[in-house]
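**Q** Structure incoming, see below.
The values are calculated or read from the model by the stated rules, or taken from the named source; none is laboratory data. Predicted, not measured: the structure shown is a model, and the values here were computed from it. Please note: Cβ atoms are built from the backbone with ideal geometry, for glycine as well, and neighbour counts cover all protein chains shown. SASA here: full protein model, heavy atoms, side chains in, ligands and nucleic acids out. Shrake-Rupley method; radii C 1.70, N 1.55, O 1.52, S 1.80 Å.
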Amino acid sequence: MARTRGATRIGFRWMGSAFLAFIVFFAVPAAWAQSGSQGQQSSNQDIPDAPSTVQPPTPKPPALPPSRQPAPESSSSSATTPQTADQSRPAPPPMPPVETVPPGSIPETVGQRRSPPRNQINPAEDLYKISVPVNFVQIPVLVKDKDGRRVDGLLYKDFTVLENGKPQKLTYFTSDPFQLSVAIVLDLGMPDIAVQKVNQTYSALVGAFSPYDEFALYTYSSAVSQVSDFTGRPEKLAAQLSQMKTVRGYENGPPMLNGPLASGPTVNGYPVGGPQVAPVNTPPKESHVLNDAILRAALDLNKRDRTRRRVILVVSDGRERGSQASYKDVLKLLETYGIQVRAVVVDSGALPGFRQVGKLHLPGQGYSNILPKYVNATGGGEDNPELSRNGIEDAYAQITNEARNQYTLGYSPKAIASNSAYRSIEVEVDRQGLNIYTKAGYYSIPAPH
């Protein structure tokens, strides 16, 4: 019995040792394998996957600003759409308009009337003050240096205005450009070679105007004719001028004063059946109604807007003969209503020697070149171009540019006994060596009763 118990104890001990060895033999390698697989799994995560043949999904487009977001289809879809940071940003401000002309004269859109030039003395004042009586005097002034270049950048303090020799207080001053109302007056009574030369420059004449100007067309020789009324459409003016290219000028040649065809049949120089006295033949007197043409244009210009600069542009050789209106009466109308006369003198009128002779006036013989008198009295700029096409085209651009970009001075004179009396004007600039072009005076408009 005692032996059996000892054997039993030895058997239990052997079985415990065997169980412990079994655990060590199988459990430890399994743990090692498990830890190895975990390490291999962690190392495999560091290795990138092989490239896939499947295309990746298209990236989402960037978020649009709120002003450009499309409208939601339903409230539920808009509620589920997440808002990005860009959607909360405000919309960018609109781009400001590009200014291409001086301030104070920018229109809202092309074709609309521009704002009046601003008063640089008192910006709150308009160009014209309506009062009874109307006593505002406007003076366009062109300033050039000794080389004939326009002088810009002057201030109102640089100008002094004298009326009848007395200084005046300026209440208006601007250097802004003005929109123009121009009456174009073409002389068709010149020699044909001069008329055809002017015909070639019509495209440059149309191009000399800005989109804010308006213009009308007149022609004259022995009578005045209005070709077109005032319009701001350059294509209409171009069409009218294109039709006039077929018009011919004067080409009759010198008058015939002797010979068999001068005064009918003759015998030994004496007319057949007439008195035995040799006839005295004189050349026919051809009408050239420059005064009437300027008067017609001035009457129509007086009806245009006063905020525009009103100009008569004459293309002529400057001859005058046979007008019903006199130079004195026409000039008085121009000075009363503030209308400038500007001229492109062509043909013989552009020759320096002929201009000096043209100042001599014989009674009954008309004027050879009366245009400079109109130009100087109204403050316009006369241009005597070269006798070429390019010279005439350059004159168009220079005249319209100077008319638009003059200084404009204004004041209210003191009342005098006679409203219709002529008042002389003198403008001085506080700088040396400058030439000043302005009107010599004006006739005030009578006060309404």
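**Q** Is it the case that segment 356-371 has a residue that's outside any loop (DSSP other than H, G, I, E, B), at pLDDT below 90 and farther than 16 Å from Leu290 by Cα?
**A** Yes, some residue in segment 356-371 is outside any loop (DSSP other than H, G, I, E, B), at pLDDT below 90 and farther than 16 Å from Leu290 by Cα.
**Q** Which ones in segment 146-157 are open to solvent by less than 30 Å² (accessible area, probe 1.4 Å) and over 21 Å from the mean Cα position of the chain (by Cα)?
**A** Here is the first cut: in segment 146-157, the residues open to solvent by less than 30 Å² (accessible area, probe 1.4 Å) are 151, 154.
Selection gives Leu154 alone.
**Q** Here's a follow-up. Could you check, for segment 299-311, whether at least one of its residues is at pLDDT below 90 and either open to solvent by less than 30 Å² (accessible area, probe 1.4 Å) or out of contact with any Ser or Thr (no Cβ under 8 Å at 6 or more places or on another chain) (or both)?
**A** yes
**Q** Do any residues in segment 214-240 that are touching a residue at least 60 places away in the same chain (Cβ under 8 Å) and aromatic (Phe, Trp, Tyr) have Cβ atoms under 9 Å from those of residues that are buried (at least 17 other Cβ atoms within 10 Å of the Cβ) and assigned to a loop (DSSP other than H, G, I, E, B), where the two are at least six apart or on different chains, and which pairs are they?
**A** Partner pairs satisfying both residue conditions: Tyr220/Leu188; Tyr220/Gly189; Tyr220/Val289; Phe230/Arg304.
**Q** Would you be able to tell me the number of residues in segment 158-183 that are out of contact with any helix residue (DSSP H, G or I) (no Cβ under 7 Å at 6 or more places or on another chain) and either assigned to a loop (DSSP other than H, G, I, E, B) or among the β-branched types (Val, Ile, Thr) (or both)? Explain how you work it out, then say what you get.
**A** Step one: filter segment 158-183 for residues out of contact with any helix residue (DSSP H, G or I) (no Cβ under 7 Å at 6 or more places or on another chain), giving 158-169, 171-172, 174-176, 179, 182.
Next cut, either assigned to a loop (DSSP other than H, G, I, E, B) or among the β-branched types (Val, Ile, Thr) (or both) only: 160-161, 164-165, 168-169, 171, 174-176, 179, 182.
Of the residues in segment 158-183, 12 are out of contact with any helix residue (DSSP H, G or I) (no Cβ under 7 Å at 6 or more places or on another chain) and either assigned to a loop (DSSP other than H, G, I, E, B) or among the β-branched types (Val, Ile, Thr) (or both).
**Q** Residues that are open to solvent by 60 Å² or more (accessible area, probe 1.4 Å), modelled with pLDDT of 90 or more and not small (Gly, Ala, Ser): which strands (runs of 3 or more DSSP E) entirely in segment 389-449 hold 1 or more of them?
**A** Because the criterion is at least 1 residues that are open to solvent by 60 Å² or more (accessible area, probe 1.4 Å), modelled with pLDDT of 90 or more and not small (Gly, Ala, Ser), the strands (runs of 3 or more DSSP E) in segment 389-449 that meet it are 422-429, 435-437.
For (1) of a type in the set (Val, Ile, Thr); (2) in contact with a His (Cβ under 7 Å, 6 or more places away or on another chain); (3) modelled with pLDDT of 90 or more, each residue gets a yes or a no:
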{"residue": "Ala325", "(1), (2), (3)": "no, no, yes"}
{"residue": "Lys328", "(1), (2), (3)": "no, no, yes"}
{"residue": "Lys332", "(1), (2), (3)": "no, no, yes"}
{"residue": "Thr336", "(1), (2), (3)": "yes, no, yes"}
{"residue": "Ala343", "(1), (2), (3)": "no, no, yes"}
{"residue": "Pro352", "(1), (2), (3)": "no, no, no"}
{"residue": "Val375", "(1), (2), (3)": "yes, no, yes"}
{"residue": "Asp383", "(1), (2), (3)": "no, no, no"}
{"residue": "Glu386", "(1), (2), (3)": "no, no, no"}
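**Q** I would also like to ask the following. Ser225 passes all but one of (1) touching a Gly at 6+ places or on another chain (Cβ under 7 Å); (2) more than 30 Å from Arg423 (Cβ to Cβ); which number fails?
**A** (1)
**Q** When you scan segment 183-191, do you find a residue that is within 30 Å of Pro413 (Cβ to Cβ) and open to solvent by less than 60 Å² (accessible area, probe 1.4 Å), even just one?
**A** Going through segment 183-191, the residues within 30 Å of Pro413 (Cβ to Cβ) turn out to be 183.
Subset that is open to solvent by less than 60 Å² (accessible area, probe 1.4 Å): 183.
Yes, segment 183-191 contains at least one residue that is within 30 Å of Pro413 (Cβ to Cβ) and open to solvent by less than 60 Å² (accessible area, probe 1.4 Å).
**Q** Among the residues of segment 201-227 satisfying the criterion of being small (Gly, Ala, Ser) and more than 23 Å from Gln324 (Cα to Cα), which is surrounded by the most Cβ atoms within 10 Å (Cβ to Cβ)?
**A** Just the residues of segment 201-227 that are small (Gly, Ala, Ser), to begin with: 203-204, 207-208, 210, 216, 221-223, 225.
Okay, now just the ones that are also more than 23 Å from Gln324 (Cα to Cα), so 203-204, 207-208, 210.
Numbers: Ser203: 12, Ala204: 16, Gly207: 13, Ala208: 23, Ser210: 15.
Filtering first and then ranking leaves Ala208.
**Q** Go through segment 188-207 and give me each residue that's part of a loop (DSSP other than H, G, I, E, B) and not aliphatic (A, V, I, L, M). It would help to see each step written out before you state the result.
**A** Residues of segment 188-207 part of a loop (DSSP other than H, G, I, E, B): 188-190, 200-201.
Scanning segment 188-207 gives Gly189, Gln200, Thr201.
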